[in-house]
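Here the structure comes first, spelled out in structure tokens, and everything after it is commentary.
The values are calculated or read from the model by the stated rules, or taken from the named source; none is laboratory data. This is a predicted model, so every value here is computed, not measured. Cβ atoms come from the backbone with ideal geometry, glycine included; neighbour counts cover every protein chain shown. Side chains included, ligands, DNA and RNA excluded: accessible areas come from the protein's heavy atoms. Shrake-Rupley method; radii C 1.70, N 1.55, O 1.52, S 1.80 Å.
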Amino acid sequence: MNNRIKIQIIILGGAVLAVLPLTFIGCTKEAALNKYHSAVETIGALELTASNLLKGEREEGLDSYVGTYHAVYEDFSGTEMLFGGTSAREREDGDELTVTCELTIESGKAEVFFISGDEEKQVLVNTEEKKQVSVTLPTASNYIGVSGKYFSGELKLRVE
């Protein structure tokens, strides 16, 4: 996660923490926790690349952690955060995801990765191949993304 995004999350998190107690007045403990979880998940969604800025087409499944993505890249240098989010509770549909990735590299470099919390990113695929891997989502920020350097080629991704 780059420093600009970290600063945005800190500022937004601070604003939420400043306003959050006001929203809990008169709430039950359960209602207060639900509002807290909702705020954390909203902040986590900010890390995903907006659909209109993606090089390809993303179709989300039941939530922002699953879906499909297809893109044809031409001289792409950068990073797209495709699926994921932040949560302080377990995901309703379980914490195991299956990632099926088909990467075709015509030129340049590309990698599909998984990043969780403060851990180092885990490269899922960075060569021309079709691969299926399983990832476990701890209670934290969890994202699947693609990065490229002068990358031309195609990416087909399914997360379920």
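The conditions are (1) touching a helix residue (DSSP H, G or I) at 6+ places or on another chain (Cβ under 9 Å); (2) open to solvent by 80 Å² or more (accessible area, probe 1.4 Å); (3) not charged (D, E, K, R), and GLN132 fails exactly one of them. Which is it?
With respect to (1) touching a helix residue (DSSP H, G or I) at 6+ places or on another chain (Cβ under 9 Å); (2) open to solvent by 80 Å² or more (accessible area, probe 1.4 Å); (3) not charged (D, E, K, R), GLN132 is out only on (1).
How about the stretch 103-129: which of its residues are open to solvent by less than 70 Å² (accessible area, probe 1.4 Å), touching a residue at least 40 places away in the same chain (Cβ under 8 Å) and within 19 Å of TYR69 (Cα to Cα)?
LEU103, THR104, ILE105, ALA110, VAL112, ILE115 - these are the residues of the stretch 103-129 that are open to solvent by less than 70 Å² (accessible area, probe 1.4 Å), touching a residue at least 40 places away in the same chain (Cβ under 8 Å) and within 19 Å of TYR69 (Cα to Cα).
Show me the strands (runs of 3 or more DSSP E) found entirely inside the stretch 81-142 where at least 2 residues are modelled with pLDDT under 95.
Counting at least 2 such residues, we get 96-116, 129-136.
When you go through LEU97, LEU103, LEU82, LEU54 one by one, which is the residue that is under 11 Å from GLY148 (Cβ atoms) and of a type in the set (A, V, I, L, M)?
LEU103
Report yes if some residue within the stretch 98-113 is in contact with a strand residue (DSSP E or B) (Cβ under 6 Å, 6 or more places away or on another chain) and closer than 16 Å to THR139 by Cβ; otherwise report no.
Scanning the stretch 98-113 turns up no residue that is in contact with a strand residue (DSSP E or B) (Cβ under 6 Å, 6 or more places away or on another chain) and closer than 16 Å to THR139 by Cβ.
Could we say that TYR65 is surrounded by 14 or more Cβ atoms within 10 Å (Cβ to Cβ) and either touching a Pro at 6+ places or on another chain (Cβ under 6 Å) or at pLDDT 95 or above (or both) here? Break it down into steps so the answer makes sense when it comes.
Working: surrounded by 14 or more Cβ atoms within 10 Å (Cβ to Cβ): yes; either touching a Pro at 6+ places or on another chain (Cβ under 6 Å) or at pLDDT 95 or above (or both): no.
It is false that TYR65 is surrounded by 14 or more Cβ atoms within 10 Å (Cβ to Cβ) and either touching a Pro at 6+ places or on another chain (Cβ under 6 Å) or at pLDDT 95 or above (or both).
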